[in-house]
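The values are calculated or read from the model by the stated rules, or taken from the named source; none is laboratory data. None of the values given here were measured: they were computed from a predicted structure. Cβ atoms come from the backbone with ideal geometry, glycine included; neighbour counts cover every protein chain shown.
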Amino acid sequence: MIIYTPPKPAEHIPVIDLAPSLSGDRDGMQSVAWEIHKACRDTGFFYVKNHGVPEELALAQLEWAGRFFALPVDEKLKLDFKSSPRRLGYEPFLRQVLDEGSAPDLKESYMYRQAHVEGGTEDPTNQWPDNLPGFREQATAYRRAVSGLALHLMRCVARSLDLPNGYFDDGFQSASASVRLLRYPPQADTGTRNQLGAGAHTDWGALTILLQDDCGGLEVRNAAGDWIRAMPIPGTFVINLGDMMRRWTNDVYHSTLHRVLNNVSGRDRYSVATFNGPHESYLVECVPSCRPVDQAPLYEPCTAGEHTRQMAAKTYDMAAL
Ligand code: OGA
Ligand code: NI
């Protein structure tokens, strides 16, 4: 049982070294799990270093994002996300409103979805570009490496909640990751109607693994309500928890608001967000160590698929404004 205590506002986002947890040593796993526990109760955001994903593969993925978005617009529009029920493919500029009531986000994106473990079937609604040889191979290699990290992190998270390491394995072994490449073109300083690169939002799934280039702009809201910067740190990923984690932990862990400021660096900003959650029919319900003693958990159990559909309906309907 993990007794609830209110979080203290973090002033910075911790960098957690995953090496001890990857060595197979029990104490190493426990010490990393404890760091993750503190970060998840504080801000719900942390960096990881020594994460096992080769640096060249990550840097190459950012470069390939650049090559993809440099395709002629009619090539990109052949992959329009509207023809995929899961919004896979190309999402043009100004299509999503992540922060209700704001003007649409100043970003374009491309998303693909693949099973975490080898041999899993590829999502039939993926839309790969015809005229970019090597893109799919790189994207697959990147996803494979990040899937390994996602499965490892979910084990660390299980440990951090005083659950068996493999507690979430059932949900994740047969699940897929959605990888979203993002481009934020350079902007003038301020936008009207609170227009940002990406409006303030929480992520929907369980755990997001974000790779960002060196432009900066990502901000995170801490428990005191202050926005703090998630500066680019070479060789790291930014990890954040999504809304499903709140259901699992009865709000002991946070899914934290974050946003991307207008990109005033004078060049394109690229990032790659990998969204990880359990398979669609998995029932997300309060885990034993977070169940309140005398009352029902805050959230009704819900399938992962239903949860994601509700969130998508909310943000895309608003882009029609
Ligand atoms: C997201 C997100 C941040 C970024 O795609 O959900 O928060 O830096 N991206 O692109
Ligand atoms: Ni996000």
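For every residue, the table says whether it meets (1) of a type outside the set (Gly, Ala, Ser); (2) over 20 Å from ALA312 (Cα atoms); (3) in contact (Cβ under 8 Å) with a residue 60 or more places away in the chain.
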{"residue": "VAL146", "(1), (2), (3)": "yes, yes, yes"}
{"residue": "PRO164", "(1), (2), (3)": "yes, yes, no"}
{"residue": "SER176", "(1), (2), (3)": "no, no, yes"}
{"residue": "LEU181", "(1), (2), (3)": "yes, no, yes"}
{"residue": "PRO186", "(1), (2), (3)": "yes, yes, yes"}
{"residue": "HIS201", "(1), (2), (3)": "yes, no, yes"}
{"residue": "ASP214", "(1), (2), (3)": "yes, yes, no"}
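Could you go through segment 247-268 and let me know if any residue there is within 14 Å of ligand 2 (Cβ to nearest atom), more than 21 Å from ASP42 (Cβ to Cβ), modelled with pLDDT of 95 or more and not basic (Lys, Arg). No. Looking across segment 207-246 at every residue that is among the basic types (Lys, Arg) and part of a strand (DSSP E or B), the one that is farthest from ligand 2 (Cβ to nearest atom) is identified as ARG229. Taken over segment 12-59, the criterion of being surrounded by 15 or more Cβ atoms within 10 Å (Cβ to Cβ), acidic (Asp, Glu) and modelled with pLDDT under 95 is satisfied by ASP42 alone.
Within segment 128-177, track down each residue that is under 26 Å from ARG291 (Cβ atoms), assigned to a loop (DSSP other than H, G, I, E, B) and of a type in the set (A, V, I, L, M, F, W, C). Those that are under 26 Å from ARG291 (Cβ atoms), assigned to a loop (DSSP other than H, G, I, E, B) and of a type in the set (A, V, I, L, M, F, W, C): LEU161, LEU163, PHE168, ALA175. Under the condition of being in a loop (DSSP other than H, G, I, E, B) and hydroxyl-bearing (Ser, Thr, Tyr), the residues counted in segment 23-69 number 2.
Residue by residue, here is whether (1) part of a loop (DSSP other than H, G, I, E, B); (2) under 15 Å from the mean Cα position of the chain (by Cα); (3) within 16 Å of ligand 1 (Cβ to nearest atom) holds:
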residue	(1), (2), (3)
TYR253	yes, no, no
THR256	yes, yes, yes
VAL264	yes, no, yes
SER289	no, no, no
PRO292	yes, no, no
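Give the residue that is modelled with the lowest pLDDT, with candidates limited to residues of segment 269-321 that are of a type in the set (Phe, Trp, Tyr) and in contact with a Cys (Cβ under 9 Å, 6 or more places away or on another chain). The selected residue is TYR299.
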